[in-house]
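What follows draws every value from the coordinates through simple rules; no lab data is involved. Owing to the predicted nature of the structure, the values given are computational and were not obtained by experimental measurement. Note: ideal-geometry Cβ built from the backbone for every residue, glycine included; neighbour counts use all protein chains shown.
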Amino acid sequence: RTLESLGSLSGKRVVVRCDLNVPLKDGTITDDGRVRASLPTLNALINQGARVVVISHLGRPKGSPDSQYSLAPVAQRLSELLGSPVTFATDTVGQAAADAVANLKDGQIALLENLRFNVGETSKDDNERNEFAAQLAEFGDAFVSDGFGVVHRKQASVYELPQLLPSAAGTLIEAELTVLDQLTENPQRPYSVVLGGSKVSDKLGVIEHLLPRVDSLLIGGGMLFTFLAAQGHKVGSSLLESDQIDTVTRYLADARERGVEIILPTDVVVASSFSADAEHEVRPIESIEDTPFGADGLGLDIGPETSQLFSQRIAASKTVFWNGPMGVFELSPFAAGTKAIADALTRVDGLSVVGGGDSSAAVRALGFDDDQFGHISTGGGASLEFLEGKKLPGLEVLGWQQ
Ligand code: 3PG
């Protein structure tokens, strides 16, 4: 079910579920990638003369209004990017929203306040979700699901609402799935997956599912220390999930059996504390605790030798998927690893995919342009769960996953 399948939408009210969950600092958007990614579908609807009602969540408020999670700054940014006014409704299904929708003329657009200010959006109770979805359905003659970043959530606007109106996927979901299908169905080889981020426990499913499918798995970020500990290395006070050491040991053995290379760092940057002005040293993985900081030392980035090793492997691959920063890239002394990996991805002669909110924010913060990569996914959890082979409720309900 694509946009075209809905027929002419001229003069119709179309509710569009976007993922406008952008990072904000002091009320200012620090990465507007998700807003930009929503534009093709919104422009297509505006150009057809539809009356467009945009809905989204932002952050994780607890089911009631909370000004720090207001979508107001997003409405302003959306209006700048569209080059036309966006009416902002200060509630989601109350009088302000009803008025905003009723006042829309053909080709105009309104954004309703954060869906998650309403308990019904994320409720575990099917009835509550259905009730909230029914209220949202009042605002539309048709529904377009385009929030790829949230399709893994069984929430009212993602799962129940499409069952109440003629529904289709927007062009962002289509584009994301086209790329992710290439990663799962017939990737060109060599195929490398680079995983970072802080927790190995968030990545277990994807590691397990990808091990039989990839040629090499490169591990960085905070999670690398659980792998090093599984190999018997001391890791000082670095992030460590001791309860995952057995699982990781099994992955290492499994990979050896399958002939898949799990490539671990050979050196890391060890710091005295978690701050931008911390003292720090590059150490081989065998001697992480041999610094003046001893067992208090914290590994906060991969080292230069590892960056080179990973970069060579990445640049020689035909397909690369990358999720998760290599280090604490927000602090400049620990950004080099993430920058090196991003740079290597720009040199891939094939398909390079950056997945996840953190990694995409990282590449933009480090000065890279979106068009230097094959694809930057707007979905973190969603793209990982797709690659894990899971059924995603927001895709299943639209018939995009069987
Ligand atoms: C994301 O940032 O991954 C999506 O917007 C989903 O947000 P959630 O994890 O709060 O559901």
What is the distance in Å between the Cα centroid of region 384-399 and that of region 301-366? 26 Å
Going by how many other Cβ atoms sit within 10 Å of their own, how do K234, K12 line up, fewest first? K234, K12
Apply 1/(1 + (r/R0)^6) to the Cβ-Cβ distance of S5 and E208, taking R0 = 51 Å, and write down the FRET efficiency to the nearest 0.05. 0.90
Among W400, W322, which comes first, second and so on when ranked by fewest other beta-carbon atoms within 10 Å? W400, W322
Length released on extending from Q308 to K390, taking residue separation times 0.36 nm less the Cα-Cα span: 26.2 nm
If amide hydrogens are placed 1.01 Å from N in the peptide plane, which non-local residues have theirs closer than 5 Å to the one on I263? L217, L218, I219
Given the C-alpha centroids of region 13-35 and region 65-139, what is the distance between them in whole angstrom? 13 Å
Residue-by-residue Karplus 3J(HN,Hα) for region 263-269, coefficients 6.51, -1.76, 1.60, Hz, glycine and proline x: 9, 9, x, 9, 8, 9, 9
Total charge of the residues flanking L164 in space, meaning their Cβ is under 14 Å from its Cβ, with Lys and Arg +1 and Asp and Glu -1, is -2
Hey, what's the Cα Rg ratio for the chain versus the globular rule of thumb, 2.2 N^0.38 Å? 1.05
So which lysines pass the test for K390, namely a Cα distance under 30 Å, with those fewer than 8 places away in the same chain ruled out? K62, K124, K154, K199, K203, K318
Using the Kirkwood radius over Cα pairs, work out the Stokes-Einstein diffusion coefficient for region 187-387 at 37 °C and 0.692 mPa s, in µm²/s as a whole number. 198 µm²/s
What order, most packed first, do the peptides 125-131, 13-19 have when packing is the mean number of other Cβ atoms within 10 Å of each residue? 13-19, 125-131
Degrees, to the nearest 10: 245-258 long Cα axis against longest axis of the chain: 80 degrees
Here the gain from full extension of D141 to T266, 0.36 nm per residue of separation minus their alpha-carbon distance, amounts to 39.2 nm
Obtain the nm distance between the two label points defined at D290 and Q95 by a simple spin-label model: each point lies 7 Å from its Cα along the Cα-to-C-beta direction. 7.3 nm
Of S198, A97, L164, which is farthest along the charge dipole of region 42-201 in the positive direction, counting Lys and Arg as +1 and Asp and Glu as -1 at C-beta? S198
Could you list the residues of region 187-205 with an amide nitrogen less than 19 Å from a label point located 7 Å from the Cα of E257 in the Cα-to-C-beta direction? 204-205
Please report, to one decimal in angstroms, the Kirkwood hydrodynamic radius of region 3-172 built from all distinct Cα-Cα pairs. 15.5 Å
Based on the mean of other beta carbon atoms within 10 Å per residue, what is the order of 273-282, 328-337, most packed first? 328-337, 273-282
Rounded, prolate or oblate: which fits region 317-358, taking a ≥ b ≥ c as square roots of the Cα gyration tensor eigenvalues, rounded meaning a/c under 1.5, else prolate when a/b beats b/c? oblate
Let me have the 222 nm mean residue ellipticity of the chain computed from DSSP H runs of 4+ only, each contributing -39500 (n - 2.57), with the sum over all residues rounded to the nearest 500. -9500 deg cm²/dmol
Between D125 and I245, the two model label points (7 Å from Cα along the beta-carbon direction) sit apart by a distance in nm of 4.5 nm
The set of residues whose placed amide H lies less than 5 Å from the amide H of V282, leaving out same-chain residues fewer than 5 positions away, is V270
With A97 itself left out, Lys, Arg at +1 and Asp, Glu at -1 over residues whose Cβ is under 10 Å from its Cβ give -4
Any idea what angle helix 171-184 forms with the longest principal axis of the chain, computed on alpha-carbon atoms, 0 to 90 degrees, nearest 10? 30 degrees
Between T178 and E330, Cβ-based FRET efficiency (R0 35 Å, step 0.05) works out to 0.65
Net charge near A37: determine it from the other residues with C-beta under 14 Å of the C-beta of A37, scoring Lys and Arg +1 and Asp and Glu -1. -3
Neighbour-count ranking [beta-carbon atoms within 10 angstrom, fewest first] of K339, K154, K25: K25, K154, K339
